[in-house]
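To start, the structure under review is shown below, and the notes come after it.
No lab work stands behind these numbers, since they all come straight from the coordinates. Since this is a predicted model, take the numbers as computed values, not measurements. Don't worry about glycine lacking a Cβ; one is built from the backbone with ideal geometry, like all the others, and counts go over all protein chains shown.
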Amino acid sequence: EGAPFSDFFKHLFGAEAAEVQPRAARGRDIEQPVTVSLAEAYKGTTRRLKRSDGPTIEVKIPPGVDNGSRMRVKGQGMHGRRGQPGDLWLVIGVDDDPRFTREGNDLHTRVQAPLYTAMLGGEVTVPLLEGKARLQIPAETQVGNELRLKGQGMPAYGDADTRGDLYVTI
């Protein structure tokens, strides 16, 4: 006590305003690319990552991530001068899948249908990211026609209960 400048602020703003606490220097954020398969992006997955300072951490990657999705892992970045860490940002890449193409939350695939099934109608088996589905083909379906399986696409990132559709080209 006894510092005239400090006494001035105590008088003007009250005792608490004069008690200035040094802010902890937050560490810097870091980015790390992480690649997942389309099937892993569909159901979610975990990855073990080795930090640059040695420790290994396990992170959960939720369903619905897409190329360029960014996930923040709090407190796993570089440490600051006073020990407070920044954040780790995961930049997601999703590998191509030979069976599907992705447009947002919708998936597209192609299936072969026997000529008589396309002409007279019937069922074909369609691959899904998890399992298979039976698709009813109407009579007189032309080559290249696209049919939709509602709700069989990708989950929405952050809302796994909302799903896109699967479009099947015959």
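Treating each Cα of region 54-106 as an identical point scatterer and ignoring solvent, apply the Debye formula and state log10 I(q)/I(0) at q = 0.14, 0.18, 0.24, 0.27 Å⁻¹.
For region 54-106, the Cα-only Debye profile gives -0.52, -0.71, -0.99, -1.13.
Of the options Gln142, Val91, Gly153, report the single residue whose Cα projects farthest towards the positive end of the charge dipole of region 80-156 (beta-carbon charges: Lys, Arg +1; Asp, Glu -1).
About the Cα centre, the residue reaching furthest to the positive side is Val91.
Taking only DSSP H segments of four or more residues, each worth -39500 (n - 2.57), what value at 222 nm results for the chain once the sum is divided by all its residues, to the nearest 500 deg cm²/dmol?
About -3500 deg cm²/dmol.
Between Gly80, Gly131, Gly153, find the one with the highest GNM mean-square fluctuation for the chain; connect C-alpha pairs within less than 10 Å.
In this elastic network of the chain, the residue with the biggest mean-square fluctuation among Gly80, Gly131, Gly153 is Gly131.
Among the lysines in the chain, how many pairs, 8 or more places apart or on different chains, have alpha carbons under 22 Å apart?
7
Can you give the translational diffusion coefficient of the chain in µm²/s, computed by Stokes-Einstein from the Kirkwood radius over Cα pairs at 37 °C and 0.692 mPa s?
Working: Rh = 20.3 Å.
For these conditions, the coefficient is 162 µm²/s.
On a 0 to 90° scale, report how tilted helix 4-13 is relative to the longest principal axis of the chain, with both axes built from alpha carbons and the result rounded to the nearest 10.
60 degrees
Return a whole-number percent for the relative contact order of region 45-170, with Cα pairs under 8 Å and 6 or more residues apart as the contact set.
21 percent
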